[in-house]
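Notes follow once the structure below has been shown.
The values are calculated or read from the model by the stated rules, or taken from the named source; none is laboratory data. Note that the structure is a prediction, hence the values are computed from the model and not measured. Cβ placement follows ideal geometry from the backbone for every residue including glycine, while neighbour counts extend to all protein chains displayed. To get the accessible areas, we keep the full protein, side chains included, count just its heavy atoms, and leave off ligands, DNA and RNA. Shrake-Rupley method; radii C 1.70, N 1.55, O 1.52, S 1.80 Å.
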Amino acid sequence: MRLCNIVRQGGKRGQCGAAASFDQVPAGQNCVTTGSWCAREQDSARQSRARLRSALRAHARRTRPELTARVLPRFLLACLVWLAWPAWAQPDAVRLSQTEARQPLGLFLELLEDPEGRLTLDDVLSRPDADWRPNTTEVLNFSFSTSTWWVRGRVVNDTEGPTTRVLEAASALQDELDLHLLREGRPVRSWHTGDRRALDSRDLVYRYPVFALTLAPGETVGFIARLGSHDGLHEAVPFVLRTQRSFLDHVQRETMVFGAYYGGLLALLLYNLLLSAITRDRVFLLYAIYLGTYLLWNVTFLGYGQQHLWPDHPDFNNQILALSIPAIFIALAVFSCNYLQTRQQARRWHRAIVALAALSGLAVLPALLDHYALSILMVLPAGGALLLVQLAAALHLAVRGYRPARFYVLAWTALALGALATFLKVFGVLPSNVWTEYSLNIGSAIEFILLALALADKMNTLKAEKLAVQRQAAVELERQVAQRTHELAAANERLQQASITDELTGLYNRRYFNLIATRELNRCRREGRPLAMAMLDVDRFKAYNDRYGHSQGDQALAALARAMDSQVNRATDYLFRLGGEEFAVLLIGVGHDEARQHVERVRRAVSDLQLLHDGSERGVVTMSAGLVWRETLSDPSADQLYVLADEALYRAKAAGRDRLSE
């Protein structure tokens, strides 16, 4: 059949050709001449295409019902099989030849939910396989659920010899855990343990339940575990199968790591208690209280409390756990408010912190009534909000330039991330693994280190502020000196005087004593003049500070210094404050009796003040003195004279105080 070709590009305009050959149309013949022939060919082609389309549509209408009836059911059946496959498929048994030293069993387990908690082992064994569903996570985590859960699995010893493996239910807080060992489908041994039961219910005493499974060559052993809760809170339970060597290595590693962890926390706690006693700063005491509550909770949470401290008191173990969590948040809030000074620096944030701490404290009530799950459900949201509010308050203060808040933000960010991961794990949002299981320990370790640095920085800041105040006082003194005198020599002399003067009492200081004692001793040796040195010490002044406070003690020292200075009038006599409550008198060119009378007047001037002192034998502040007098000074040095005077002072103390000894 011939079809008319369209005019080709590049050919002669107005010509046409045929699909078969161009020789059937005379060369150069115009399409106008053969127009009727081309039109007929085009009409014929269009009619052929229309008939073909009509035939295809008719065939499709005839075959569509048959195709639909045959293919659609098969497609739907395939979809149903694909969707139902996880429910039908049973997990493979654990084959020991294909396992590692530590083998998680989560994906090899099947689950059966018992909403009423009434099923017995016989009931569970009689249930068809269709009632069980495969577990799809490596760690069992039922979180808040009032159901009882049954778990089953199989272990095949396809090795050449007998073997013993350790089955771990690696949670110290699962309330009830009943494990039944099956051989040939029949129970041969059962264990009944959990943190609501005494520790002696376990064959292997460890912080969480472990079971020894012995398998002969080629033997298949099954196990069924019942997981029950006291009042609706299930802990995440990783089931793990280990070799004996792997379990021993794991125990040794955990013992070393947690021993170092708890040892570090305890050392930090005692160190802060010591700092609190020395500095009288509440922030160290509050930090120590927070550390103590956290340490108590963590020891209980990880099972070390039940293992080592109260193995026969499971109810007490759960009570401590529920009470220690609100205690942590309350102690944390009090410490944070004190450290950040939120009452003065950020009052609105302070009120929010106090409110959330009080809300966390309400969780103590259900804990006291043995409603463990309700207590946890109350305290976790309030505690999480408390962490966020404290971080927000610290960020607010850090942005304003408050230096301690910057350390606080770093420290509590680490703890907040660890706590948040723990909360999300409990509520089933995050999977349970080694990072989420110990995220709070990791975060707290970082937090404790950073907070220790923060407290050290705060101490340095306080010292710097104190030094700045002292420097400011020195600058002010210099300014006042500059205002009172117009001569540079007088100003320099006053500055020199300040460098050799005790700031509190106005007396000469220890530095000037070392200079003057050596200088005057050498001069007396050259001139052959006698010299007397006396050491004086306030009696029971430590008790005075403890009773009346350091501020009152400083005022007393200043008053004593003025009284003694009034008795030292000669230009060749010197009165020094050597440090604390210790003073020295240096007398040049006086006889023995005169020196003794002079020192006695100085000592009596103190007791004449009649400063009340309940801790003294006399009821008032008194002073003891030791005197050394030398007519010739050929041998002793200034240091030797100091030692002799100090020994005489000790003799005066030993003789009953408030006296002069030589």
Selection status of residue 226, modelled with pLDDT of 90 or more, open to solvent by 20 Å² or more (accessible area, probe 1.4 Å) and in contact with an Asp or Glu (Cβ under 7 Å, 6 or more places away or on another chain): yes
Taking the residues in region 353-383 that are out of contact with any strand residue (DSSP E or B) (no Cβ under 8 Å at 6 or more places or on another chain) and more than 20 Å from residue 332 (Cβ to Cβ) as candidates, determine which candidate is surrounded by the fewest Cβ atoms within 10 Å (Cβ to Cβ). 369
In region 552-607, what residues are farther than 20 Å from residue 621 by Cα and either among the small types (Gly, Ala, Ser) or touching a Ser or Thr at 6+ places or on another chain (Cβ under 6 Å) (or both)? 571, 588, 589, 591, 595
Within region 116-144, residues being free of Cβ contacts under 8 Å to residues at least 24 places away in the same chain, out of contact with any Leu (no Cβ under 9 Å at 6 or more places or on another chain) and farther than 20 Å from residue 177 by Cβ number 2
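Residue-wise test of (1) within 13 Å of residue 357 (Cβ to Cβ); (2) among the aromatic types (Phe, Trp, Tyr); (3) open to solvent by less than 20 Å² (accessible area, probe 1.4 Å); (4) in contact with a Gly (Cβ under 7 Å, 6 or more places away or on another chain).
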residue: 290; (1), (2), (3), (4): yes, yes, yes, no
residue: 305; (1), (2), (3), (4): no, no, yes, no
residue: 312; (1), (2), (3), (4): no, no, no, no
residue: 316; (1), (2), (3), (4): no, yes, no, no
residue: 332; (1), (2), (3), (4): yes, no, yes, no
residue: 339; (1), (2), (3), (4): no, yes, yes, no
Filter region 160-214 down to residues that are closer than 23 Å to residue 232 by Cα and not small (Gly, Ala, Ser), then give me how many there are. 19
For region 604-662 the number of residues that are closer than 23 Å to residue 589 by Cβ and in a loop (DSSP other than H, G, I, E, B) is 8
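Can you tell me which residue in region 234-275 is surrounded by the most Cβ atoms within 10 Å (Cβ to Cβ), limited to those that are under 27 Å from the mean Cα position of the chain (by Cα) and among the hydroxyl-bearing types (Ser, Thr, Tyr)? Quick ask: steps written out before the conclusion?
Here is the first cut: in region 234-275, the ones under 27 Å from the mean Cα position of the chain (by Cα) are 234-238, 249-275.
Going one step further and asking which of them are among the hydroxyl-bearing types (Ser, Thr, Tyr), we end up with 255, 261-262, 271.
Details: 255: 12, 261: 18, 262: 15, 271: 16.
Here the residue is 261.
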When residue 125 is run through (1) touching a Gly at 6+ places or on another chain (Cβ under 9 Å); (2) open to solvent by less than 30 Å² (accessible area, probe 1.4 Å), the failure sits at (2)
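So is residue 473 at pLDDT 80 or above, open to solvent by less than 90 Å² (accessible area, probe 1.4 Å) and over 54 Å from the mean Cα position of the chain (by Cα) or not?
Numbers: at pLDDT 80 or above: yes; open to solvent by less than 90 Å² (accessible area, probe 1.4 Å): yes; over 54 Å from the mean Cα position of the chain (by Cα): no.
For residue 473, the condition - at pLDDT 80 or above, open to solvent by less than 90 Å² (accessible area, probe 1.4 Å) and over 54 Å from the mean Cα position of the chain (by Cα) - is not met.
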Residue by residue through region 128-162, note down the ones that are closer than 20 Å to residue 102 by Cβ and open to solvent by 30 Å² or more (accessible area, probe 1.4 Å). 137, 138, 141, 154, 158, 159
Out of 607, 616, which single residue is farther than 19 Å from residue 520 by Cα, surrounded by 19 or more Cβ atoms within 10 Å (Cβ to Cβ) and of a type in the set (S, T, N, Q)? 616
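Would you check which residues across region 631-651 are modelled with pLDDT under 80 and aliphatic (A, V, I, L, M) and list them? Show your work before the answer.
Of region 631-651, the ones modelled with pLDDT under 80 are 632-636.
Once the filter is applied, which keeps residues that are modelled with pLDDT under 80 and aliphatic (A, V, I, L, M), region 631-651 yields only 633.
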Do we have residue 231 as surrounded by 13 or more Cβ atoms within 10 Å (Cβ to Cβ), farther than 26 Å from residue 321 by Cβ and not β-branched (Val, Ile, Thr) here? no
